[in-house]
Amino acid sequence: MQFRLSLRPTSTQTLVPFNYAYRLSAFIYSVLADTDAQYAQFLHNQGYEYSSTRRFKLFTFSDLIMPQARVDARAGGLWVNSPTIEWVVSFYVDQAAQHFIMGLFQDQKCVIASPRHRAEFIVERVEALPLNLTENTLQLRTLSPVVIAQKDERGMDQYLHPADEAFGPLLVSNLLAKWKSVLVLTGSEEDFTEDSLRFRFIRGRTEPKSRLVTIKENSREETKVRGYYGFSFELSGPKEVLELAVLAGVGRYNAEGFGCVGIS
C-alpha cells in the first residue's frame, strides 16, 4: 500500500530541519503503536528476517514535497512557503490492512523536533495511490535518496552513483533478499534468482544528485549515509518483486526514509 498525505503546518512560520527523516520514521512508529503496539514493536525491534544479521522493516517514505521551500543554511532547515506540503508513505502489507493503516494517519499531528527546531503539521488528507501492475517492466523515479554501497578493502562503505556498474546488481541483490524475507508472509514458494531481475539506469537531462544524511542525529547511534536522488530507472522482473520494490523501497535504510520510489 502506498498513499499520499497532505500536511498543513500549524504555524505561519514553519522551519523543517535538514535531517528530518529520522523524526518522520519515529512518527510512523508512534502512530502504529497507538493502535497496534505489537505490530509497531515487531517492526522496530525485529522486522522480517532474511538471515541472522539481516532483517527488513518493509516500509519506506518519501522526502517531504515542499513547493517553494526556502533553504536557510544559517537556521539549519527549510522554511515552508505553501499552505500544505505532501508526503508519500509505503507499507508492504496485505490488502486487508490497507484501509486500517490509512485511517490511523488521518487528523494526526506530526511533529518534527530537534534541539533547535520544532515543526508541527496536521494530516489533513490521506489518499491511496493505486498500484495495478500489468507489465513485467516498470519505469520508476526516486522519491527519496537511494542508498547502495559496496565495501572497500578496508571494509568501509563506498556509496555508489546510479551509473556505477555495481549499482544495479547490488540493488537487485538487496531486493531479492527482501523477497526471501517475506516468503512466509506471502505464502509464495517462488525463490527468484538474480537472473530474473534487470536494472537499467535511465540517463536524464540532469545528473543524479547526492545527499549526505545524518541518521539518529545527536545520539550515540548517529551515522551518516549518502544516497542519490533525482533520477529514473527501469526495473524488469516478476510482478510480485516489482510490487515489493515500490511498496517496501529499494536499497538500504528504507525505514529511515531512503529508497522510496514512484511509478513514472
Members of region 250-264 found to be over 15 Å from residue 4 (Cα atoms) and among the small types (Gly, Ala, Ser), listed by number: 251, 255, 259, 264
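Which members of region 5-29 meet the condition of being modelled with pLDDT of 85 or more and either of a type in the set (D, E, K, R) or in a helix (DSSP H, G or I) (or both)? Explain how you work it out, then say what you get.
To start, the set of residues in region 5-29 that are modelled with pLDDT of 85 or more comprises 5-28.
Hits for region 5-29 are 8, 21, 22, 23, 24, 25, 26, 27, 28.
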Among the residues listed as 171, 131, 104, the single one being of a type outside the set (D, E, K, R), assigned to a helix (DSSP H, G or I) and modelled with pLDDT under 95: 104
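The values are calculated or read from the model by the stated rules, or taken from the named source; none is laboratory data. For clarity, every value in this text was computed on a predicted model and none was experimentally measured.
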